[in-house]
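Take a look at the structure below.
The values are calculated or read from the model by the stated rules, or taken from the named source; none is laboratory data. Remember, predicted model here, so these are calculated numbers, not experimental data. We place every Cβ from the backbone using ideal geometry, glycine too, and count neighbours over all the protein chains shown.
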Amino acid sequence: MSTAEQNDSVPRPPEADASIYLHPHTLSRLASFELRAKMIVEGLSSGQHRSPYQGLSVEFAQHRPYVPGDDLRHLDWKVFGRTDKLHLKQHQQETNLDLVVLVDASGSMNYGSRSFEDASGEGNKASFDGRTMWSKFDHATALAAAMCYITLRQGDRVGLAVYSDEVRALVRRSSSQSTWRQIVGALSVHPADPKNRGRETHLKRTVDQVMGKLANRCIIAAISDFYIGAEELRDSLAQLKHAGHDVIVFQVVDRAEEEFAFTDSAPFEGMEGEPALRVDPRSIRRAYLDVFHAHMATVEKLARSFGFDYQKLSTHDWLGPPLASFVARRNARIKRSKYG
Amino acid sequence: MFLNPMLAAVGLACVAVPVLIHILMRRRRRPVAWGAMRFLLEAYRRQRRRMNLEQLLLLFSRCLLVALLALALGKPILGAAGALSAAGPRTVYILFDNSVATGPGSDVSGSAGEIEELRAMALRSIGGLDRARGDRVGLILLAAPAENAVLPASSELSAVSEMIKQVRPSASRADLPGALIQLREELTRKDNADSSAWVVVLSPFRAGSADTRTSVQSLGLPAGRVAFIVSEPKEKPVGNVSITGLDPVRSVMLAGEEPGSSTSVTVSLTRSGPLDAETSIVSIYAGAAREVSTTQGAAASISVAWSAGQSYAQALAGFGSPRPARPGDPVVLTATINPDALSADNRFVRPVETRERLDVVIITPGDVGVRGEIANYRAADWFALALSPSADLSFRRRQAGEIRISTVDPEQGIAPSTGTQRASRGAGILREADAVIVPRPDLLDPAAWKAIRESNDRGAMVLVCPPAGPEVHTWTDTFINTMGLPWQVSRESRKLATPLSISGERPPTSGTDLLGVIAPELTALVGGVTVSRMLDARGTQGGLEEILRLSDGTPILIAAAFGESVGETPSETGNTRGTLLYLAAAPDVEWTNLPATPFMVPLMQELVRQGVGLAVGSRAAVAGVPPKLPRGATELVPAEGQGQSVIPISASGVPQIPIRDAGLWTMRSSGGSTIGAVAFNADTAGCDTTPLTKEQVARWLSPAASNFTWLKAGDPAAAPGGVADSVEHRLSRKQETPPISVPLLIAAAIVAAVELILARIFSHATREETLGEQRRSRGAA
């Protein structure tokens, strides 16, 4: 098990501290993450004859127990004959198939208009820290956890970086089971934490820092609302493309941000240090939506212009369907590139 | 100005409410944490100008809405009807008609007259005011000239009421234009410039009290500052006959006339109202100044039959010549008619001057007398003979007749007194003369002309004719200049190619007809009279009056304007200048055969008798109109015991206190001697009872009061308080009306509708509804 590497400027979250690792609070949170990841993954494979999570390599590495949904073609019938147990043959993971997940923990990711009770799927009315709204960061962490869980379960190496204006928490790539705990701890660097509140997004700096840790080509999943300038996004994606990485752009937005259906003339207060603005939302709605959707289109256009995958996620939607379609599309692409 | 100023003030202060609400709501709203703030700021940057404009429009419309509601509640005074604040002290100016038209009559409103009805309305008007509230009342009496009775307005309401109770109808016409001028001066006084007022005009508004031919001037005040309440015109037609003139045939009655001689008078009557066929009985009384009572028997009584539609009539009456109480005292003629609508104009008084005899001075060298042969007669002799035809021209006879003839020799000097030198004897004679005849003007020096001018200014008649001898006349310039005549008299006599006769047709006269008595026989009298030489005189229009013409139209006998000043304004002379005559032909056989014809005697007799009468002091005046009194008169003394005091006369010959009542006055000089009598009679122009319509009165008053309220005396709405209750009624009716200004309320409703539309447009409510529908449809799916 690798040890979670924390940025020196960010205090270590309590969940990452080994001495309090078994603290009930941490455990409950861990269970939540684990359960959430399981539910997402099982939801994806339920009713399918062919699991989408087969190995991404052709070199045999080891066996692993069969779980419902796995592709029967990968069953090692010889082992079944000798031991009467179902095992799947796992192939050696290639170095360029490491997954590095970048999770945006800036101030804007703390926004959410969906109730926690509705989004968590567990009947909890509030989070462990009392939040009643399901934020974009919650959605991003669920997605990151799901992806990491899947990857780890397949024996692939997973790394994680939580960032805002710079990398706030980093988990080195590893396929060991202890990595899961480190990932859980790193994802606990929630923007609702007063120490992280109001931090701006600085993707370029984050990419620079992460690129310094990566020697081989990886699959980089960037999960953010990407409320940054188009130039900065272009530069960051270009840098990753130049290094040969494959990038998956997950843009997380909230439905309220997409619709801007406010009627009350309450002042709007920026979550990343922007000045407050008192305006009648009804009168500015059209202009806002124009600007917002133009930015969304720009992000997608930039991602696709570099040949990267782009997936928009809404906090009001379940993660399963978009994640499944994403994995399916990705597998098909890999298959085309490897065997086509 | 508002009827509810407090409400308006509070309401206007409420204009700040939308702003305050906006500010308070800004403070109370909890801020919304917003993740996509960068897009919101960008959108705001793009839309800032439009949104600010929308917000300002909305704020303005809401503030305007509140302001309009406030103004509507305050009820601004937009028209004249609301000039008086219901809350503040009120100022009421009563313009009270006490003219002759409001006087007592027999069939208008009983014996009391319409003034009692107006008085009751005025008293009730004051009774409705409250001294404790600060109400004030002003009073202007309309009898001409309009009298400032209580101005500035007084808070002593009871005192003004008492004053109104004492008001009596006068004999002058109503002078509403003059009253409005006084009112304007009062309302534009510095300390009164901003206050509003009610003006209550109380008048019967018949044709006599509202002369629609004259114009009423605007008050020149801002609209809404003055509210007029005007009594409705009396529309009931009533008939009225007025005596407009009583003119004796002779302006001067001579005491020396023989007993049994008769006097003739002309009575002029006018009629107004229904011009039905009727009969007026005119009674004429004659007596001394202190015997003008009509209780004695009438000297004459005549009946005037009016035909339908006839409005003017004249009648001639003759009666025995009255005798004055003392020689020189005036005789008073009084005409009355049977009672009708107005009694003030049923009596007309005319004093007639009496003289023991007339003093005529002939300025001629030597004495006058009978010369035997016609060729030996001089002009002076012919004049003397004509004026005293029955005498033998001896000095004793000349002094004993009705016309006393004296002579003054110009060669002995006729010089008026100066600061250092006494007047000559001749000047002294001229000063006492009733008539001065100048047959030899070529012999007069400037001093003599000056003495003649003084005599003429005092009222003496002056007759000038050219001398018979010379053909070149150098005296004419001095004559014209000294006498102040706008004439041109030739310097050379003109011999006519053929002798011309005097025309029997007389030119029209503008004044009293000097030859009126002999007019019927004039054609016969002038027969055979010819003129063969003359010294022409011409004059400007209005400064010369032709009395006799030749057959070719050339004037032979001319006069300056009778009784009027010549070339000078009346105020400078007191309008007492005597008649000035110019005979263009010398009474000499070389010039004309006039002196030798029978026409010479009646001509000179009439010229002297009538000419002297025109300038004497006795006269009839009109009440309310400044009379033109003779120079030398310094005070007026009531002759009938009217209970009035002596009225001084100004240097311009006008009484210093206007005389509005009918009555007889005697004029006194500064030395205390009586110099004549003057009778003030009712202004018959104000006695016209022709009814006027409301439209006529409204049009007449429109320059001063474009919007006013009619007040009907018998209006049940006004009863029992009359005008006062009516004023209160107007106010209370104001309060009964919706306590809000309807036009402003409508404007507020329009603004509210506009505000709603703007708010809906600016809030994009349609899009919200669409969004809501989308949500609902999505939820259903």
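Data table
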item	result
Test: B:Arg668 is modelled with pLDDT of 80 or more, basic (Lys, Arg), over 24 Å from the mean Cα position of the chain (by Cα) and within 30 Å of B:Thr634 (Cα to Cα)	yes
Tally of residues being surrounded by fewer than 17 Cβ atoms within 10 Å (Cβ to Cβ), outside any loop (DSSP other than H, G, I, E, B) and of a type in the set (D, E, K, R) across region B:451-479	2
Which numbered condition B:Arg48 fails, given (1) over 30 Å from B:Leu139 (Cβ atoms); (2) at pLDDT 80 or above; (3) more than 14 Å from chain A (Cβ to nearest Cβ)	(3)
Any hit, region B:246-267, residues being buried (at least 22 other Cβ atoms within 10 Å of the Cβ) and closer than 28 Å to B:Ala179 by Cβ	no
Top-ranked residue in region A:62-105 [being over 30 Å from A:Arg199 (Cβ atoms) and among the acidic types (Asp, Glu); ranked as modelled with the lowest pLDDT]	A:Glu94
Failed item, numbered, when B:Gly653 is tested on (1) in a loop (DSSP other than H, G, I, E, B); (2) surrounded by fewer than 15 Cβ atoms within 10 Å (Cβ to Cβ)	(2)
Out of B:Leu56, B:Leu64, sole residue that is more than 7 Å from every other protein chain (Cβ to nearest Cβ), in contact (Cβ under 8 Å) with a residue 12 or more places away in the chain, out of contact with any strand residue (DSSP E or B) (no Cβ under 7 Å at 6 or more places or on another chain) and part of a helix (DSSP H, G or I)	B:Leu64
Test: B:Leu246 is farther than 22 Å from B:Ala620 by Cβ and among the aliphatic types (A, V, I, L, M)	no
Region B:124-150, residues that are over 22 Å from the mean Cα position of the chain (by Cα) and either closer than 15 Å to B:Leu187 by Cβ or not in a loop (DSSP other than H, G, I, E, B) (or both)	B:Arg124, B:Ser125, B:Ile126, B:Gly127, B:Arg136, B:Val137, B:Gly138, B:Val150
Lone unmet requirement of (1) assigned to a loop (DSSP other than H, G, I, E, B); (2) within 14 Å of chain B (Cβ to nearest Cβ); (3) of a type in the set (A, V, I, L, M, F, W, C) for A:Ala215	(2)
Count of region A:100-155 residues which are over 19 Å from A:Val249 (Cα atoms), part of a loop (DSSP other than H, G, I, E, B) and in contact with a strand residue (DSSP E or B) (Cβ under 7 Å, 6 or more places away or on another chain)	5
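Residues checked against (1) surrounded by 24 or more Cβ atoms within 10 Å (Cβ to Cβ); (2) assigned to a loop (DSSP other than H, G, I, E, B); (3) polar (S, T, N, Q):
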{"site": "B:Ser158", "(1), (2), (3)": "no, no, yes"}
{"site": "B:Pro169", "(1), (2), (3)": "yes, yes, no"}
{"site": "B:Ser172", "(1), (2), (3)": "yes, yes, yes"}
{"site": "B:Pro177", "(1), (2), (3)": "no, no, no"}
{"site": "B:Arg184", "(1), (2), (3)": "no, no, no"}
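Residue-by-condition table, conditions (1) in the same structural domain as B:Leu485 (by TED's automatic domain parsing); (2) under 44 Å from the mean Cα position of the chain (by Cα); (3) at pLDDT below 90:
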| position | (1), (2), (3) |
| --- | --- |
| B:Ile429 | yes, yes, yes |
| B:Ala435 | yes, yes, no |
| B:Val464 | yes, yes, no |
| B:Pro467 | yes, no, no |
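Rundown of residues vs (1) part of a helix (DSSP H, G or I); (2) outside the structural domain of B:Gly426 (by TED's automatic domain parsing); (3) on the phi > 0 side of the Ramachandran plot, yes/no style:
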site	(1), (2), (3)
B:Ser280	no, yes, no
B:Thr334	no, yes, no
B:Asp345	yes, yes, no
B:Phe348	no, yes, no
B:Pro351	no, yes, no
B:Pro365	no, no, no
B:Val368	no, no, no
B:Trp382	yes, no, no
